[in-house]
Amino acid sequence: METTTTNGTSFSNQKFTIPAVSDVEQQQASMELEPTDDFNYSKRSQWLRAAVLGANDGLVSTASLMMGVGAVKQDIKAMILTGFAGLVAGACSMAIGEFVSVYSQLDIELAQMKRDKQRDENREPSDEEEEKGKQGEKESLPNPLQASAASALAFSVGAMVPLLAASFIKEYKVRVGVVIGAVSLALLVFGWLGAVLGKAPRVRSAVRVLVGGWVAMAITFGLTKLIGSSGL
């Protein structure tokens, strides 16, 4: 039966549908429900560099010093004293260098924040925006003391590896072999750990750190042996 209105218009061929939710709205809703992994691993660079690379520096430099002295003096006391002196001097050097470097970065960021604040002084943010801005600024600022302490501690941890390896072995050749083995294992561990924390290729990073440590120890041992044998 055909239904008509008073003015004669027919509604029999017309279809009424309920509007559905658009695809864009569905995608937006699904994106809100799905967890996101937007972590920026470059933010780890400050403490990662101060910790892992500091440990590598302590390990390689102290082991190279001990190997260099061991090339001309086979006495265990000479090797241990050399390693201990390298530990103290290196830790102090790393801490001071890291403090100066990070403090310079802090001065630059504070100056940039001051310029940004002067640029936006005409704008009046809300109380909530102002509080969030202050919290974000405090979290993003580097900490010179924290970085220097982490660098010195990491250097000391790395330097303790060859010291402990050589402390209880009197036989010269065995002592040198144990030091090389312990240092090689620690180099692989530090290289692997740095790759894991930085989401970098693990095998390539570990091998690169290991080869670099071997080259440093070999050069120090060879040059010191050459100079010592020449009678200088």
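Which FRET efficiency, nearest 0.05, do Lys173 and Gln105 yield, Cβ-Cβ r, R0 45 Å? After rounding, the FRET efficiency stands at 0.45. Rounded to the nearest 0.05, what FRET efficiency do Ser140 and Ile80 have when you use their Cβ-Cβ distance and R0 = 35 Å? Efficiency for this residue pair is about 0.20. Accessible surface ranking for Phe168, Phe190, 1.4 angstrom probe, highest first: Phe168, Phe190. One chain, two ends: Ala89 and Val189. Fully extended at 0.36 nm per residue, the span grows by 33.6 nm beyond their Cα-Cα distance. You can think of it this way: the chain between Val207 and Glu121 has 25.7 nm of extra reach, that is 0.36 nm per residue less the Cα-Cα gap. Ranked by the mean number of other Cβ atoms within 10 Å of their residues, highest first, the peptides 105-112, 181-188 come out as 181-188, 105-112. If the segment from Ser229 to Lys114 were pulled out straight at 0.36 nm per residue, it would be longer than the present Cα-Cα gap by 35.4 nm. Estimated at the nearest 10 Å², the accessible area of Asp57 is 70 Å² with a 1.4 Å probe.
Heavy-atom accessible area for Lys117, with the other protein chains in place and a 1.4 Å probe, reaches approximately 140 Å².
The values are calculated or read from the model by the stated rules, or taken from the named source; none is laboratory data. Here the structure is a predicted model, which is why all the values come from computation and not from measurement. Please note: Cβ atoms are built from the backbone with ideal geometry, for glycine as well, and neighbour counts cover all protein chains shown. Each accessible area value is taken on the protein alone, full model and side chains, heavy atoms only, with ligands, DNA and RNA left out. Shrake-Rupley method; radii C 1.70, N 1.55, O 1.52, S 1.80 Å.
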